[in-house]
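Working notes, beginning with the structure itself.
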Amino acid sequence: MKYSNTIDTISTIIDTHGFESTFVSYNFPIRIATANNPNLRSTTDIGVVQQGIASAIGGNKSIVFTEQLHAHDATLKRLTRSFCVIITTSAPPIAFPTIFTRQLSDLPEDVNTAVLVSSKSLIPVVIYLGSTALFDYTNEGATSSSHERVSLPPWEKALDKPVTQATLSDAQALAHKTLSSILPKWVDGILGSNVISHSSSEGSFVRFITPHSLLDTCQLINDKISAGRVIDKDEEYLSALLYPFALRQRMTTFHLKNNNNKPYLCPGCPFVEISQSVGENDSIYTNVNCPEAIQFFKLNPVNLREFSSLGTTSKNPSSMIFVDHLHNYSTADKHLLSSGGIIFLNTVGGDTNKTFKAFSPSALKSNKRQTSALLFPYSCHSIPNNKAKKVLPKKCKCTANGEEPTCIINTGCPALVLQDGKVTIFPDICVGCSGCKISCPYGAI
């Protein structure tokens, strides 16, 4: 069984639905990349939603990725002529029908639902992507789309018909009716849970809200809160949502331990071995655009030229490491390699360039690292799939000794899980990179 991360899942969704216009704000926390969509446009957070809506009014199947949905984004002077889906990672004001997604495995069908609702109601539909779905893995088969292509309505039903309060209310009522027929009102993440959260995978959460039924849904949320607790990171949003209706003045909050949403890395991520090879006081800089790795290892995003400039002004340039893909290197940049501590990620079997020394932890830590760049054997685009690693249960002693499982903490690999106090490796996900083996202090892998 193969697994897809959030980036792969979203890319598959875009390609499957045939979105004709894709707008991504620079602030969106994950990279959107899809080979089959040449119309992908990155833009500032301001105005990105309106661009997507305008594109849908013109008849283009549109999807928007924004870090935050603002109240002024709700301006709708015309009904759309094609569907428009807006995916946001900050809790949005309920200006359009909104679907809440906490698990990555739910995202494909939530997009299917949003497309269907938007194509029927001729108004945009918002998907709030919870933080637990941002850096996650799901079964690759779950990313397929079951949505049938929708036919465009006649022009007179959309572009030539200005929005009035009556037409907008009719559209919202239709959206609510459609959502009610597809999604349940509430989902309980834990059986019998009295914890409520939109963003965490724990507890109960409301599945969707529409402006047309906002008061009724907020009353439902209020009743749930009365019988339970709210996870602290949701308190501000739920308070703002319920405040206009004077439903609650106070909430009993609940802090979810270990809910730091540290991102999962791709199994075999090159930065795992690189980070474990450098010294404790070394800083890693990179031109690799991977938000998960940057967040996980606290990397510093720069390009080679910027890194070289930083090296000339640093008091301790030997503590600086730079990582980039080999295809970004040009011989014109050869004079910059004297900065030292430079690693290029190679493609598997794709380059026979002998310009750089082969990567090894000892070569990286040696005093000679100033003289030549190192070549890591593979890149993020070509992680090899070797025989999966196995754990020797008798040697796995971290939790028995009251310690955190070092292999899980250091690698961020979704193939590693803790079961009954022992680390288990899922062979379907493991690529045999040995990152966990390097981390294990007891030689259990």
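Starting with the highest mean, order 6-16, 398-408 by the number of other Cβ atoms within 10 Å, averaged over the residues of each peptide.
6-16, 398-408
Can you tell me how the range 270-382 classifies by the Cα gyration tensor, rounded, prolate or oblate, using a/c under 1.5 as the rounded cut?
Numbers: a/c = 1.29, a/b = 1.11, b/c = 1.16.
Here the range 270-382 falls in the rounded category.
Which angle between 0 and 90 degrees, to the nearest 10, do you get for helix 6-17 versus the longest principal axis of the chain when only C-alpha atoms count?
With rounding to tens, the tilt is 50 degrees.
So what's the angle, to the nearest 10 degrees on a 0 to 90 scale, between helix 48-57 and the longest Cα principal axis of the chain?
So the helix axis and the longest Cα principal axis differ by about 50 degrees.
Can you run phi through the Karplus equation (6.51, -1.76, 1.60; θ = phi - 60°) for the range 430-445 and list ³J(HN,Hα) in whole Hz, with x for Gly and Pro?
Rounded to whole hertz, the list is 4, 10, x, 6, 6, x, 6, 5, 5, 6, 5, x, 10, x, 7, 10.
If you fit an axis through the alpha-carbon atoms of helix 214-226 and take the longest principal axis of the Cα set of the chain, what angle between them do you get, 0 to 90°, nearest 10?
Long axis of 214-226 versus the principal axis of the chain: about 60 degrees.
Rounded to the nearest whole Å², what accessible area per residue is found for the chain with the 1.4 Å probe?
Spelled out: the 1.4 Å probe surface of the chain, per residue, equals 47 Å².
Taking the Cβ of His212 as the center, what net charge do the other residues with Cβ under 15 Å away carry, scoring Lys and Arg +1 and Asp and Glu -1?
Charge balance in the 15 Å sphere: +1.
Carbon-plus-sulfur fraction of the accessible area of the chain, 1.4 Å probe, in percent?
50
Per residue of the range 195-205, what does 6.51 cos²θ - 1.76 cosθ + 1.60 with θ = phi - 60° give for ³J(HN,Hα)? Whole Hz please, x for Gly and Pro, Karplus curve as stated.
Ordered by residue, 3J(HN,Hα) equals 9, 10, 7, 8, 9, 8, 7, 8, x, 7, 8 Hz.
Amide H of Val24: which non-local residues (sequence gap of 5 or more, or other chain) have their own amide H closer than 5 Å, using H built in the peptide plane?
Arg41, Ser42, Thr43, Phe65
Measure up Lys77/Lys177; Lys61/Lys177; Lys233/Lys315; Lys233/Lys387 against 30 Å on the Cα-Cα distance and list the ones that go over.
Violating the 30 Å limit, Cα to Cα: Lys233/Lys315; Lys233/Lys387.
Of Tyr442, Tyr264, Tyr329, which has the most accessible area with a 1.4 Å probe, and how do the rest follow in descending order? The partial results should precede the final answer.
Working: Tyr442 75, Tyr264 100, Tyr329 40 Å².
Of Tyr442, Tyr264, Tyr329, the descending order of accessible area is Tyr264, Tyr442, Tyr329.
What ranking do 109-118, 52-61 get when scored by the average of other Cβ atoms within 10 Å per residue, highest first?
So the order, starting with the most tightly packed, is 109-118, 52-61.
Compare the peptides 24-31, 266-273 by average per-residue count of other Cβ atoms within 10 angstrom and give them in order, highest first.
266-273, 24-31
Out of residues 5 or more away from Ile127 or on other chains, whose amide H comes under 5 Å of its own, with H placed 1.01 Å from N in the peptide plane?
Counting only residues 5 or more places away or on other chains, the set is Ile86, Ile87, Thr88, Ile99.
Enumerate the amide H contacts of Val195 below 5 Å, restricted to partners 5 or more residues apart or on another chain; note that Pro and chain-start residues carry no placed amide H.
Under 5 Å from the amide H of Val195: Ser204, Arg229.
The values are calculated or read from the model by the stated rules, or taken from the named source; none is laboratory data. Here the structure is a predicted model, which means the values were calculated and not measured. When we count neighbours, we look across all protein chains shown, and the Cβ atoms used for this are built from the backbone with ideal geometry, even at glycine. Side chains included, ligands, DNA and RNA excluded: accessible areas come from the protein's heavy atoms. Shrake-Rupley method; radii C 1.70, N 1.55, O 1.52, S 1.80 Å.
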